[in-house]
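The structure under discussion appears below in the form of structure tokens.
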Amino acid sequence: KQVMRYTLSSMHRSVLKFDSSLCFYRMVCQALVSSDTLEWERTQLWALTFKLIRKIIGGVDYKGVRDLLKAVLDKIQTVPNFMSSAVVQQLLAAREVCFSTLLGSLISDFVDSFRPTARINSICGRCSLLPVVNNSGAICNSWKLDPSTLRFPLRGMLPYDKDLFEPQTGLLRYVLEQPYSRDMVCNMLGLNKQTLNIAQHKQRCPVLEDQLVDLVVYAMERSETEEQFDDGGTSQLLWQHLSSQLIFFVLFQFASFPHMVLSLHQKLAGRGLIKGRDHLMWVLLQFISGSIQKNALADFLPVMKLFDLLYPEKECIPVPDINKPQSTHAFAMTCIWIHLNRKAQNDNSKLQIPIPHSLKLHHEFLQQSLRNKSLPMTDYKIALLCNAYSTNSECFTLPMGVLVETIYGNGSMRITLPGTNCMASGSVTPLPMNLLDSLTVHAKMSLIHSIATRVIKLAHAKSSLALAPALVETYSRLLVYMEIESLGIKGFISQLLPNVFKSHAWGILHTLLEMFSYRMHHIQPHYRVQLLSHLHSLAAVPQTNQNQLHLCVESTALRLITALGSSEVQPQFTRFLNDPKTVLSAESEELNRALILTLARATHVTDFFTGSDSIQGTWCKDILQTIMNFTPHNWASHTLSCFPAPLQAFFKQNNVPQESRFNLKKNVEEEYRKWKSMTVENDIITHFSMQGSPPLFLCLLWKMLLETDHINQIGFRVLERIGARALVAHVRTFADFLVYEFSTSAGGQQLNKCIEILNDMVWKYNIVTLDRLILCLAMRSHEGNEAQVCYFIIQLLLLKPNDFRNRVSDFLKENAPEHWLQSDWHTKHMTYHKIFRHPLPASSPHSPQMINEIGHLLLYCDRPVTYLYNTLHYYERHLRDRTNLKRKLVHAIMSSLKDNRMPGWCLSETYLKCGMNPREDSVWIPDDTYYWPFPNCDWRFNEFPNPAAHALHVTCVELMALAVPGKDVGNALLNVVLKSQPLVPRENITAWMNAIGLVITALPEPYWIVLHDRIVSVISSAVLSSEMEWVGYPFQLLDFTACHRSYSEMHCSYILALAHAVWHHSSIGQLSLIPKFLSEVLKPIVKTEFQLLYVYHLVGPFLQRFQQERTRCMLEIGVAFYEMLQAVDQHSKHLAYMDPICDFLYHIKYMFTGDSVKDQVERIICSLRPAMRLRLRFITHISKMEPAAAASVPPSSSVSSPAAPSIPLSVSQ
């Protein structure tokens, strides 16, 4: 006691000035623990010190207790592991306060007391949930992983389940396996490829290396069981994909090549996997040939260790059949040795390796082929030489020269192209895809660089020759390879196009833009938006004011805008918020309208505006305002009604007055009288082409044809003077005038005459193109009867005259959409143009009737499933009661594609058999057995980038096309797991929940909102609403994974796990309905502690995502949690789980909300029962208890939490 008095007196002065307060108790405890005299050898002092701390610690504030605990644990680290029993008895006096290594169970109990909080913050089965790459849900924060450990970024020091702390190798591996997944991998791991040239920012990611190596090993295992490789099978696609992935991640230094090769050697040693060795060496050759000149030889020598392992032959390996593309893989190891040997020679290295005996025949064959100066294109000898000698300029020139000459032509031969005096170099046959696939990346880069340089050279020379058809087709095929992005699409956008434009080579520019529109696949969105910005700048240049070029520029821009994926719009356009003018058209109302329609579709499909009534504060406000400043316009009420509510409100507030149709008619008549009265040609041309004059001239030509059946030459000269850019305004006015004329026509012969004249203006006089006229008609804002007339005109233009249908029919007879497989496209193209002078317009039919007539054109639509998905999703509300229309639309489009697709590529056999029933009196209603999820192809040319994305979209199209309300379909999907269907294996239950979450969140709101009804039903059930004691511990019963394994799960835990799977895949727009759901639906019915805990389990895991993506919702949820607690506190006499509830609320405060909701929750906390107020006293400081009272509070409150069978709980302060 004397020692204790001495210790207390030593810090008396430092606390004398403080009153009895929380600070006083904290200072006392800190002084005691930090005292130099507190040593474990002084057992009596040790025991008395901790007894005093235990007595007064109740008065220490929350953060002070945390800091004090750390100091106590540090002090206890000084206690040795072994000591005499007498000393142990003395130290046990500190049991109630300290957690020494001798008393580890207390620490364990303390940690276990926070397991309920960890459970509330955990997503059920999270480790089994997988994304679809390139889907909207895949770009959110749900899939982020720590780049050093591959663990989930969990918030707070909580004892989460063990599997959540494990490296999520399965998730990363799954994503890596998917084609076109590299951007998602970078997003998941926080890898920034912009730091390529910044040495200090190298981001080598060893865990990524490991997974790439494991994928290669997996491919080796797969190759052991496959008989053929070059048949387009899964093994070939996998090796192609691995090659692309390895080059990207090693190139950007996220993975180390020598480390990967050594790891491969270690994992393949002793496995005997040699059937895939040639494919492995082919993958390694891709990187070696392209990078060996810039890196040290030592980085590549580990490959020889792999050779020794995988090529154990003592005899020479025979030369394969070089007529097969597979031969290039067989030669890969020899090519690697040639590159290594060349590098050693150039560096004068002593590490030169003699040619292995087993490769001698291969090496001799290559040397013999190199001596042959005449290389045929009928086999793969040229590819072999390019691959082997791409780093040896002396040897490389010959084979690459043959390839170049093949696509350029020999310089003397010329061919004619459609148009007047249009000539091109004579080469028409492009390099086939098999040959391009057989070239290494280094060889492909040399080839594409040669092509780009050639095009720029022709542009600078202002050559009158057009680009050779073979060059254009080959160039477009090379651009599909993502591994040559820097010289490929990036060079195309940032170097080639600007150079061609600077040289005013308009013919070449036109060709390149058409190539981009009709030959490019899977171009990353930032490149497409960058090109869109270039095109808007280009459209304002005087030199592009030519009919054909102007139409090409606007058509390309239109395709870029409408082809933007719904999940791509916001990320791309938010990059231009500081200057939205760069991605908007200053003149074209049609392009800006198309962008608004794309915005409407994107925000609808991603549910961006869900729960919002205004665009204020959103990313698209400035974009819409700039559009209205550039091109003021209105929207028809029937179009506006389909817009998300905030967009509707914006356009109603920014209404633009419209000229009456009667005034338009009057002005046309007046101008036509002037036309007939004027006699001097120059005066006529000047008057009607004057800048600023009413854009009525096409209306005058219409009347001229109506009266005289011909147009004189002065009319054409006026059109030339007006120019292509200004003529668009005339087309808009003409579209309005046509609607007025047809609305007031008497029908019969007069109607036929009108259609005949309109047809002549398009096909005979070439005054306006069909696609431009239809676009303007479709984009005008007509109401009521006039809207019907407008649609009628479009229909007549496409269906009534034979001109268009004949062109469609003849085109389809000789052509196929798989352009990448064709060698004679140019020949067929020219044959068509000999019959029809003008090309088909770039438009698609949009109604079942038109699709029935000319729907085969959809063979050339590169996104038919996306078109159906967007249409059915966006117009879901309007199509609910028009099931036959949905069926006709799906049937017409899919029927037009069936001959060019493999069976089962889209719709299920069940739907094709039953769902296509045309009888409305016998609608097929599928039963529960129908709702079950589902041929390899070259995904480089597919509509979707990978199998999962394809399966997701075709599944959604079929579900939306059913003649069943969305609510019923949604409930049926949930029942797949909730009704324990016999086809759902128990061990795969979370995988099925994952599939349902993916599908249902990709459907419109009526399909997934039914989950809210299921949640309400569960919370209202007797299991949760009853005051009766549960049989068991609620936190264990709500642990779905553990309960499912032990066959003890309940319906409420199934709903919890399914809700987590659905919300994990949901967009932030879909999740933003949760605050309203909590406050308006759940809060009135939550009365019991079990209900409250269920709601916390339901929503708690998503607070982190709300904080990152929509903070407002997180704050609203935080307040709703306290309001529900208040209702439960008032309704319940007994609260058994106050500690876990309070722990969770503290977690929310310190991890998410901070003091942002302090004002709202203080009032609520003050109204709670004393025991709850005491526990929450550190969240709000206005209700501080007297220190003496606080100090006298016993370790456990008067209402303690019942312990689980093996989880004892304690008060967490």
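The values are calculated or read from the model by the stated rules, or taken from the named source; none is laboratory data. Fair warning: this is a prediction, and the values are worked out from it, not measured in the lab. Here Cβ is always computed from backbone atoms with ideal geometry, including for glycine, and neighbour counts include all displayed protein chains. Heads up: the accessible areas ignore ligands, DNA and RNA and are worked out on the full protein's heavy atoms, side chains in. Shrake-Rupley method; radii C 1.70, N 1.55, O 1.52, S 1.80 Å.
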Determine the sum of side-chain charges near ILE1141: Lys and Arg each +1, Asp and Glu each -1, restricted to other residues whose C-beta is under 15 angstrom from that of ILE1141. +3
Would you mind checking which residues have amide H under 5 Å from ALA466's amide H? H placed 1.01 Å from N; only 5 or more apart, or other chain. MET423, ALA424, SER425
Students often get this wrong, so check it: of LYS502/LYS828; LYS275/LYS373; LYS666/LYS703; LYS753/LYS813, which have C-alpha atoms separated by over 23 Å? LYS502/LYS828; LYS275/LYS373; LYS753/LYS813
Expressed in µm² per second, the diffusion coefficient of the range 292-363 from the Stokes-Einstein equation, with Rh the Kirkwood radius over alpha carbon pairs, at 10 °C and 1.306 mPa s, is 121
Kirkwood hydrodynamic radius for the range 557-617: how many Å is it when counted over pairs of different Cα atoms? 12.3
Setting aside same-chain residues fewer than 8 positions from LYS581, which aspartates and glutamates have a Cα under 18 Å from its Cα? GLU554, GLU589, GLU590, ASP622
Which of TRP820, TRP337 is most accessible, then next, and so on - probe 1.4 Å: TRP820, TRP337
Between ALA269, TRP763, PHE1121, whose Cα lies farthest towards the positive end of the dipole of the chain when Lys and Arg beta carbons carry +1 and Asp and Glu beta carbons carry -1, centred on the Cα centre? PHE1121
Mind running the shape call on the range 608-658? Use the C-alpha gyration tensor, a ≥ b ≥ c as the square roots of the eigenvalues: rounded below 1.5 for a/c, prolate if a/b tops b/c, oblate otherwise. oblate
Between THR397 and HIS638, Cβ-based FRET efficiency (R0 60 Å, step 0.05) works out to 0.40
Residue separation times 0.36 nm, minus the C-alpha to C-alpha distance between LYS913 and SER823: what's the value? 28.6 nm
Quick check of the Kirkwood formula: for the range 1045-1104, what is the inverse mean of 1/r over all pairs of different Cα atoms, in Å? 12.6
As a test of reading the structure, rank LYS343, LYS162, LYS676 by solvent-accessible area (1.4 Å probe, protein chains only), most first. LYS162, LYS676, LYS343
Which value in nm describes the separation of the simple spin-label points at SER1046 and ALA991, placed 7 Å from the Cα toward the beta carbon? 2.6
Where a ≥ b ≥ c are root eigenvalues of the Cα gyration tensor, a/c under 1.5 meaning rounded, otherwise prolate if a/b exceeds b/c and oblate otherwise, the range 563-692 counts as prolate
Evaluate Rg over Rh across the chain, taking Cα atoms for both radii and Kirkwood's formula for Rh. 1.03
Rolling a 1.4 angstrom probe over the protein chains, ignoring ligands and nucleic acids, what is the accessible area of ARG1169 in square angstrom, nearest 10? 50
Identify all lysines with a Cα-Cα distance to LYS343 below 21 Å; exclude those on the same chain that are fewer than 8 residues away in sequence. LYS294, LYS305, LYS360, LYS444
Contact order relative to length for the range 232-303, counting C-alpha pairs under 8 Å separated by 6 or more residues, stands in percent at 48
